[in-house]
Amino acid sequence: MPEDWDDERLLGALREASRARHDVPPWFTQAGQSAYAWHDIDAQLAQLSYDSSHDLDLEGVVRSASTRSERATIHALTFTSARLSIELEVSTDSLIGQIIPPRRGTIEQQASDGETITAPIDDIGCFYIQPVPAGSFRLRCRTEDGIDVVTNWFTV
Amino acid sequence: MRDDPSVIALVTRAANSDQDAWNEIIERYAPLVWSICTRYQLKNQDIEDVGQTVWLLLVEQLGKLREPAALPGWLATTTQRECLRALTAARRTADAGTLDDALAVVDAAVIEQEILAAERNAALRTALGELPLRCRQLLAMLISDPPSSYTEISATLRIPIGSIGPQRARCLERLRRSSTLDGLGADELRNEPSGR
């Protein structure tokens, strides 16, 4: 304990602690509390492991503008978890994806406003979702053999 | 970094389906995640995304954190990583040159200070919450922004102006003796914010 803090210093520290707490908007704290809803759900997190737009950043210097715009129309992403990965190709109005290793299941697109779209995953692991939300969203993938995976929140 | 036994207890409880413990974790550390996001000068939409990802990752890690006491450090590292990801994405869509590369570099020492400040602030808020109601009311008015005058304090709490000073001293002394603040040591002293 800071026993050698005088009263002014202790009050100053309390003021700072209170200010730091009040700087955080309620929506930020509430989102944190809501995240606990995922606690009892047996979904593993699939983390973004590849993003083609990162390549673009690197290659943009040496590639021509036309090549870049051509490549930019297909935005490829990969999310990886211990048991499966999700490969995605994002165009302006749809998401086309495949889970690896391939298996049947259901894919759910969850927008941050709570809206969800569900689509089947066929027996070669492919799925198609339309439309693509404007804001951030995530995908939850449940396979018929019981794998349950959710991606990071992301925006395309 | 100090080993805060209350953090270990909170993480353990939250890992065992205790929503109250989880809320307490958020209450304590949302300011840390928030302050790092603002260091990276993210927009609110990006901060929202970073926050959601960090909390979701924490939910997943609850039962797996090797050193629950190191939670603030884990949160800071995870938040930084997600901030950088958000900045990279923003740069992708922005016109070239509108984002300053320097924004992506937040000094490790700054982050370390944010962690220490977050731990100190959380301990102070907890210790304050453990004081008797009269002390909490008095100290809340003394630290309010703008600070309440002794006249206002006297009227609101119905205590004579002359006894505010002595009561203030007694309440601060109780706070100083609080076991919740035991871990605050030399590091915290050195990092006391200058603009108090």
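The values are calculated or read from the model by the stated rules, or taken from the named source; none is laboratory data. Owing to the predicted nature of the structure, the values given are computational and were not obtained by experimental measurement. Quick reminder, even Gly has a Cβ in these numbers, built from the backbone with ideal geometry, and neighbours come from all protein chains shown. Surface areas here come from the heavy atoms of the whole protein model, side chains and all, with no ligands, DNA or RNA. Shrake-Rupley method; radii C 1.70, N 1.55, O 1.52, S 1.80 Å.
Restricting attention to region A:21-46, the residues that are modelled with pLDDT under 85 and not in a helix (DSSP H, G or I) add up to 7. Within region B:125-155, the residues that satisfy the criterion of being hydroxyl-bearing (Ser, Thr, Tyr) and either within 14 Å of chain A (Cβ to nearest Cβ) or within 29 Å of the chain's Cα centre (by Cα) (or both) are B:Thr126, B:Ser144, B:Ser148, B:Ser149, B:Tyr150. Among the residues of region B:42-91, the one identified as among the aromatic types (Phe, Trp, Tyr) and more than 11 Å from chain A (Cβ to nearest Cβ) is B:Trp74. Within region A:27-52, residues that are surrounded by 14 or more Cβ atoms within 10 Å (Cβ to Cβ) have Cβ atoms under 7 Å from residues that are of a type in the set (Lys, Arg) and at pLDDT 90 or above in these pairs: A:Ala43/A:Arg140, counting only partners at least 6 apart in sequence or on another chain.
Every condition in (1) in contact with a helix residue (DSSP H, G or I) (Cβ under 6 Å, 6 or more places away or on another chain); (2) of a type in the set (A, V, I, L, M); (3) open to solvent by 40 Å² or more (accessible area, probe 1.4 Å) is met by B:Val33 except one, and the failing one is (3). Filtering region B:92-124 down to residues that are assigned to a helix (DSSP H, G or I) and at pLDDT below 85, which residue is nearest to the other protein chains (Cβ to nearest Cβ)? Within region B:92-124, the match that is nearest to the other protein chains (Cβ to nearest Cβ) is B:Arg92.
Summed over region A:82-100, the residues that are β-branched (Val, Ile, Thr) and open to solvent by 80 Å² or more (accessible area, probe 1.4 Å) give a count of 2.
A quick yes/no check of all residues on (1) touching a residue at least 12 places away in the same chain (Cβ under 8 Å); (2) within 18 Å of A:Trp38 (Cβ to Cβ); (3) small (Gly, Ala, Ser):
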residue: A:His75; (1), (2), (3): yes, no, no
residue: A:Ser91; (1), (2), (3): yes, no, yes
residue: A:Gln98; (1), (2), (3): yes, no, no
residue: A:Ala111; (1), (2), (3): yes, yes, yes
residue: A:Gly114; (1), (2), (3): no, yes, yes
residue: A:Thr118; (1), (2), (3): yes, yes, no
residue: A:Asp122; (1), (2), (3): yes, no, no
residue: A:Phe127; (1), (2), (3): yes, no, no
residue: A:Val156; (1), (2), (3): yes, no, no
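On the basis of being more than 25 Å from B:Gln45 (Cβ to Cβ) and either in a strand (DSSP E or B) or modelled with pLDDT under 90 (or both), does A:Glu87 make the cut? Answer is yes for this residue.
Among the residues of region A:2-26, the ones that are open to solvent by less than 30 Å² (accessible area, probe 1.4 Å) and either hydrophobic (A, V, I, L, M, F, W, C) or over 30 Å from B:Trp55 (Cβ atoms) (or both) come to 10 in all. Please work out which residue is nearest to B:Arg81 (Cα to Cα), limiting yourself to region B:113-131 and to residues that are surrounded by fewer than 17 Cβ atoms within 10 Å (Cβ to Cβ) and touching a residue at least 24 places away in the same chain (Cβ under 8 Å). Within region B:113-131, the match that is nearest to B:Arg81 (Cα to Cα) is B:Gln113. In this entry, B:Glu27 passes the filter for residues that are within 11 Å of chain A (Cβ to nearest Cβ), under 24 Å from B:Ala127 (Cβ atoms), without any contact (Cβ under 8 Å) to a residue 40 or more places away in the chain and not hydrophobic (A, V, I, L, M, F, W, C).
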